[in-house]
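A.B. asks: Below: one structure in C-alpha cells.
Taken together, the values in this text are just the output of simple stated rules run on the coordinates, not laboratory data. All figures in this text were calculated on a predicted structure; none of them were measured in a lab. Backbone-built Cβ (ideal geometry, glycine too); neighbour counts: all protein chains shown.
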Amino acid sequence: MLISEEYFEPLERGALADEIPSPARSFARDAWARFSRNRLALAGLVLLVLVILFAVFGPLLSPYPYDGMDSFSRNLPSSPQHWFGTDQMGRDIFTRVLYGARISLLIGFASTAINLAIGVVYGGISGYAGGRADMIMMRVVDVIYAVPAMIYMILLMLIFGSNIYSVMLGICVNGWVSMARIVRSQILTLKEQEFATAAWVIGASRSRILFRHLLLNCLGPVTVTVTLMIPQAIFTEAFLSFIGIGISAPQASLGTLAQDAKMQLTFFPMQMVWPVLVICLVIFSLNFISEGLEDALNPKGNGQ
C-alpha cells in the first residue's frame with residue numbers, strides 16, 4: 001500500500017533537539033553509573049584501592065624492615081613508634097601486616113587471573129564445540145573437581161615446598177573449574193542467538209565468533225565470578241598458612257601473621273586482631289564490589 005506524500009512534512013533542522021534528554025551512553029559508562037549509585041560497592045572499591053596502595057608502598061616507606069628483629073622491643077603495645085606494636089621477636093607488626101597484605105593480594109589476584117584465563121578458554125571451547133568434544137571436556141572437569149582441593153595443595157606443598165608459587169599452583173589446579181562451567185553454560189545459550197548466526201552467515205571464522213562475539217557477551221557473569229574468586233583465594237592462602245602448611249618464614253602473609261600470633265593470643269590478643277582485621281576488610285570490600293557489579297552488569301535482574 002502506497003501512502004501519498006501529502007501525509008508527510010519535512011522536519012526542520014534541530015526540531016527534536018529539545019526532546020533528546022541526554023546523549024547515548026556506552027555500556028561501560030552506563031554500568032559505571034549504576035555501580036556508583038551503590039554506596040556499599042563504591043565504599044568497597046575505595047577501601048580495596050587503599051589497602052592495595054598501603055600494601056604496595058607501605059613497606060617501602062616504613063623505617064622498619066618486615067623481618068628485622070629487636071630483642072629489646074618484644075611484645076610492645078601500640079605506640080607512635082610502632083602503630084600496631086611489636087611481636088614476640090620485636091618485629092614491627094604494622095610493617096609486617098602491610099607486607100603480608102601484599103603477599104596475600106598477590107596470591108589472590110595472580111591465581112584468579114590464571115584461573116580466569118584457563119576457565120574462559122576451556123569453557124568457551126567446550127560450549128561452542130558441543131557434541132562429543134563437549135562431553136569429553138566436561139568429564140575431565142568432573143574428574144578434576146571430584147578430588148578435594150586440599151589434597152592437591154598438600155601434595156604440591158610436599159613436592160615444591162611452602163612458598164608463594166606452590167600455593168598459587170595449588171589454588172589453580174582446580175580453581176578454574178567453576179569458571180569453565182559458568183562460561184560453558186553461557187556459550188551454550190549465546191551461540192543459538194541471532195547475532196552468532198549472522199556472524200557465521202557473513203563468513204566469520206569459528207574462532208572469531210567465539211572470542212570476538214560470544215565471550216564478550218559473557219563479560220557480566222565472568223566479572224562477578226572473578227570478584228568472588230579473589231577473596232576465596234586469599235582466604236584459602238590464609239587458612240593454609242594458619243594451619244602451618246602455607247608460606248614459610250621469612251616470608252609472611254596475613255595467614256602466617258595470624259598463625260604466629262596464635263601462641264601469644266592469651267597475653268597479647270591484639271597481635272591476632274590486626275592481620276585478621278585486614279583479611280576481613282579485603283574480603284568484605286570484594287564482596288561489596290561483587291554485589292555492585294552484579295547489579296550494574298545485569299540491570300534486568302534488579303528490575304531496571
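A.B. asks: So what J values fall out for the stretch 211-224 if you push phi through Karplus, 6.51 cos²θ - 1.76 cosθ + 1.60 with θ = phi - 60°, rounded to Hz, Gly and Pro as x?
C.D. replies: Calculated HN-Hα couplings, in order: 8, 9, 10, 6, 5, 5, 7, 8, 4, x, x, 5, 5, 5 Hz.
A.B. asks: Given a cut-off of 18 Å, what percent of all Cα-Cα pairs of the stretch 58-214 lie beyond it? List each step's numbers first, then the result.
C.D. replies: Details: 8575 of 12246 pairs.
In whole percent, the long-distance tail amounts to 70.
A.B. asks: While we're looking at this one, here's another question. What size of dipole, in debye to the nearest 20, comes out for the chain about its Cα centre when the only charges are +1 on Lys and Arg C-beta atoms and -1 on Asp and Glu C-beta atoms?
C.D. replies: It works out to roughly 840 debye.
A.B. asks: Ok, one more. Residue-wise, which Karplus ³J(HN,Hα) couplings in Hz belong to the stretch 60-65, taking 6.51 cos²θ - 1.76 cosθ + 1.60, θ = phi - 60°, and x for glycine or proline?
C.D. replies: Result, rounded to whole Hz: 6, 8, 6, x, 10, x.
A.B. asks: In addition: What whole-number volume per residue, in cubic angstrom, does the convex hull of the C-alpha atoms of the stretch 180-304 give?
C.D. replies: On the way: hull volume 17.3 nm³, N = 125.
Measuring per residue, one finds 138 Å³ for the Cα hull of the stretch 180-304.
A.B. asks: log₁₀ I(q)/I(0) of the stretch 146-243 at q = 0.14, 0.21 Å⁻¹, via Debye over equal Cα point scatterers, no solvent, to two decimals?
C.D. replies: So the normalised log intensities work out to -0.66, -0.99.
A.B. asks: Enumerate the whole-percent occupancy of each 5 Å bin, from 0 to the last occupied one, for all C-alpha pair distances of the stretch 111-187.
C.D. replies: 3, 18, 23, 21, 16, 10, 6, 2, 0
A.B. asks: Kindly state, as a whole number, the per residue volume in cubic angstrom of the convex hull around the alpha carbon atoms of the stretch 29-114. Could you put the intermediate results ahead of the total?
C.D. replies: Details: hull volume 11.3 nm³, N = 86.
It comes to 131 Å³ per residue, whole-number rounded.
A.B. asks: Using R₀ = 30 Å, calculate the FRET efficiency as 1/(1 + (r/R₀)^6) where r is the Cβ-Cβ separation of Asn217 and Tyr165; round to 0.05.
C.D. replies: For Asn217 and Tyr165, the calculated efficiency is 0.30.
A.B. asks: A further question follows. Could you go through the stretch 155-169 in sequence order and give the Karplus-derived ³J(HN,Hα) for each residue, using 6.51 cos²θ - 1.76 cosθ + 1.60 with θ = phi - 60°, rounded to whole Hz, and x for Gly and Pro?
C.D. replies: 5, 5, 5, 5, 7, 9, x, 8, 8, 4, 5, 5, 5, 4, 5
A.B. asks: Just the Kirkwood number for the chain, please: inverse of mean 1/r across all distinct Cα pairs, in Å, one decimal.
C.D. replies: Values: mean 1/r = 0.0440 Å⁻¹.
Value: 22.7 Å, from the Cα pair sum.
A.B. asks: Have a look at Ser162, Gln186, Pro77 and report the one farthest towards the positive end of the charge dipole of the stretch 68-218, computed about the Cα centre with Cβ charges (Lys/Arg +1, Asp/Glu -1).
C.D. replies: Towards the positive end, the residue furthest out is Gln186.
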